[in-house]
Amino acid sequence: MHLSTATWQEIEARVKSGKTSIIIPIGSHEQHGPTGLIGTDALCPEIIAKACEAQNDVLIAPTFSVGMAQHHIGFPGSITLRPTTMIAAMVDWTNCLAKAGLTRLYWLNGHGGNVATINAAFSESYVPYSMESKLCPFAHKISNWWDLPEINKFCYDMYPIGHGSHGTASEVAVTYWGYPERAVLGQMVLDPKIAPDGPIRDAVDYRKRFPDGRIGSDPTQATIEQGGQIVAKCITALMQDLAIFEQS
Ligand code: NI
């Protein structure tokens, strides 16, 4: 079930039947190099969540699609929230969903740069309960899709050279599977073939170090078929991870 295409009565009935978990894809809109889509980090968790929902009885929230990407705004099209804005928005989403009885909030994340802010938002949402010595009625979990059980190894085995850490071969493959009409981008010849590596700082420094936006990757390896294999593997891992969270 998708929250966006459900009715309020369906959500109410679902919660009354004891199903209180919701998967919230969360990502970012930031450049992903010449062959990667700007929405990659939002699209990957969304694609995986939707594919999972097609096979399983899970509830999917709208994608929290703009995250903390200040280091990417030197490239046209990138959008960022300040950490404080993102925390405030996440706390608002949390309070609304929890008020409806959706008290197990599973944030399926697609952007490494979001992790610190997501965890800060969790803490912020718990503060009022801790301060008043009340038991918080909701619980959060963050799960980076590439950190789901066995997925990282699966991706590195698929791309032993040039997987990279931004504009990665695996995330680009997942988006090509989701949007096959964009896979033509992968035919581009990139120079250098494998992008440089280095630290991530501010936006100006980032563009200087990584002129085409990629870090350590050769995403021209990515194919639609490989993306489909990664998504299929993620569905199994996601269902296992969600079940553990629901029982904890
Ligand atoms: Ni990414």
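Against the test of being away from the ligand (no atom under 16 Å from the Cβ), surrounded by fewer than 20 Cβ atoms within 10 Å (Cβ to Cβ) and at pLDDT 95 or above, the options Gly18, Gly77 yield a single qualifying residue, Gly18.
A Cβ distance below 6 Å, combined with a sequence gap of six or more or placement on separate chains, defines the contacts here; from the range 8-22, residues that are under 18 Å from Lys141 (Cβ atoms) reach residues that are among the polar types (S, T, N, Q) in the pairs Thr20/Thr103. Kindly establish whether Ile38 is under 21 Å from Gly178 (Cα atoms) and in contact (Cβ under 8 Å) with a residue 60 or more places away in the chain. In short, no.
Only one of Ala51, Ala42 is within 21 Å of Thr175 (Cα to Cα), surrounded by 19 or more Cβ atoms within 10 Å (Cβ to Cβ) and within 14 Å of the ligand (Cβ to nearest atom). Can you tell me which?
On the way: Ala51 fails: within 14 Å of the ligand (Cβ to nearest atom).
None of the other options fit; the residue is Ala42.
The single condition from (1) assigned to a strand (DSSP E or B); (2) surrounded by 22 or more Cβ atoms within 10 Å (Cβ to Cβ) that Ser143 fails is (2).
Which is of a type in the set (A, V, I, L, M), farther than 14 Å from Gly227 by Cβ and touching a helix residue (DSSP H, G or I) at 6+ places or on another chain (Cβ under 7 Å), of Ile161, Ile142?
Details: Ile161 fails: touching a helix residue (DSSP H, G or I) at 6+ places or on another chain (Cβ under 7 Å).
Among Ile161, Ile142, only Ile142 is of a type in the set (A, V, I, L, M), farther than 14 Å from Gly227 by Cβ and touching a helix residue (DSSP H, G or I) at 6+ places or on another chain (Cβ under 7 Å).
In the range 100-126, the qualifying residues are those that are out of contact with any Ser or Thr (no Cβ under 9 Å at 6 or more places or on another chain) and within 17 Å of Pro62 (Cα to Cα), and the one that is farthest from the ligand (Cβ to nearest atom) is Ala100.
Being more than 16 Å from the ligand (Cβ to nearest atom) and over 22 Å from Asn119 (Cβ atoms) holds for only one residue in Met1, Met90, and it is Met1. Looking at the range 16-38, can you tell me whether even one residue there is of a type in the set (Asp, Glu) and more than 30 Å from Ile194 (Cβ to Cβ)? Scanning the range 16-38 turns up no residue that is of a type in the set (Asp, Glu) and more than 30 Å from Ile194 (Cβ to Cβ).
Of the residues Gly216, Gly227, Gly178, Gly167, which is more than 30 Å from Asn95 (Cβ to Cβ), within 16 Å of the ligand (Cβ to nearest atom), within 19 Å of the chain's Cα centre (by Cα) and free of Cβ contacts under 8 Å to residues at least 60 places away in the same chain? Break it down into steps so the answer makes sense when it comes.
Details: Gly216 fails: within 19 Å of the chain's Cα centre (by Cα); Gly178 fails: free of Cβ contacts under 8 Å to residues at least 60 places away in the same chain; Gly167 fails: free of Cβ contacts under 8 Å to residues at least 60 places away in the same chain.
Selected residue: Gly227, the only one of Gly216, Gly227, Gly178, Gly167 that is more than 30 Å from Asn95 (Cβ to Cβ), within 16 Å of the ligand (Cβ to nearest atom), within 19 Å of the chain's Cα centre (by Cα) and free of Cβ contacts under 8 Å to residues at least 60 places away in the same chain.
All of (1) more than 16 Å from the ligand (Cβ to nearest atom); (2) within 30 Å of Phe122 (Cα to Cα); (3) within 20 Å of the chain's Cα centre (by Cα); (4) in contact (Cβ under 8 Å) with a residue 60 or more places away in the chain hold for Ala243 with one exception: (4).
Hey, could you check the range 49-87 for residues that are part of a loop (DSSP other than H, G, I, E, B) and in contact with a Gly (Cβ under 7 Å, 6 or more places away or on another chain) and say which is farthest from Gly112 (Cα to Cα)? Working first, answer last.
Pass one, the range 49-87, residues part of a loop (DSSP other than H, G, I, E, B): 56-59, 61-63, 65-69, 73-78, 80-82.
Okay, now just the ones that are also in contact with a Gly (Cβ under 7 Å, 6 or more places away or on another chain), so 63, 65, 67-69, 75, 81.
Working: Thr63: 16, Ser65: 14, Gly67: 10, Met68: 9, Ala69: 10, Phe75: 18, Leu81: 14 Å.
In this case the residue turns out to be Phe75.
Evaluated against (1) of a type outside the set (A, V, I, L, M, F, W, C); (2) touching a strand residue (DSSP E or B) at 6+ places or on another chain (Cβ under 9 Å); (3) crowded, with 22+ Cβ neighbours inside 10 Å, Thr35 falls short on exactly one condition, (2). State all residues of the range 54-67 that are within 21 Å of Ile215 (Cβ to Cβ) and either surrounded by fewer than 24 Cβ atoms within 10 Å (Cβ to Cβ) or more than 13 Å from the ligand (Cβ to nearest atom) (or both); if no residue qualifies, say none. Once the filter is applied, which keeps residues that are within 21 Å of Ile215 (Cβ to Cβ) and either surrounded by fewer than 24 Cβ atoms within 10 Å (Cβ to Cβ) or more than 13 Å from the ligand (Cβ to nearest atom) (or both), the range 54-67 yields only Val66.
The values are calculated or read from the model by the stated rules, or taken from the named source; none is laboratory data. Bear in mind that the values here come from a model prediction, so they are computed numbers and not experimental data. Here the Cβ is made from the backbone with ideal geometry for all residues, glycine too, and neighbour counts use every protein chain on show.
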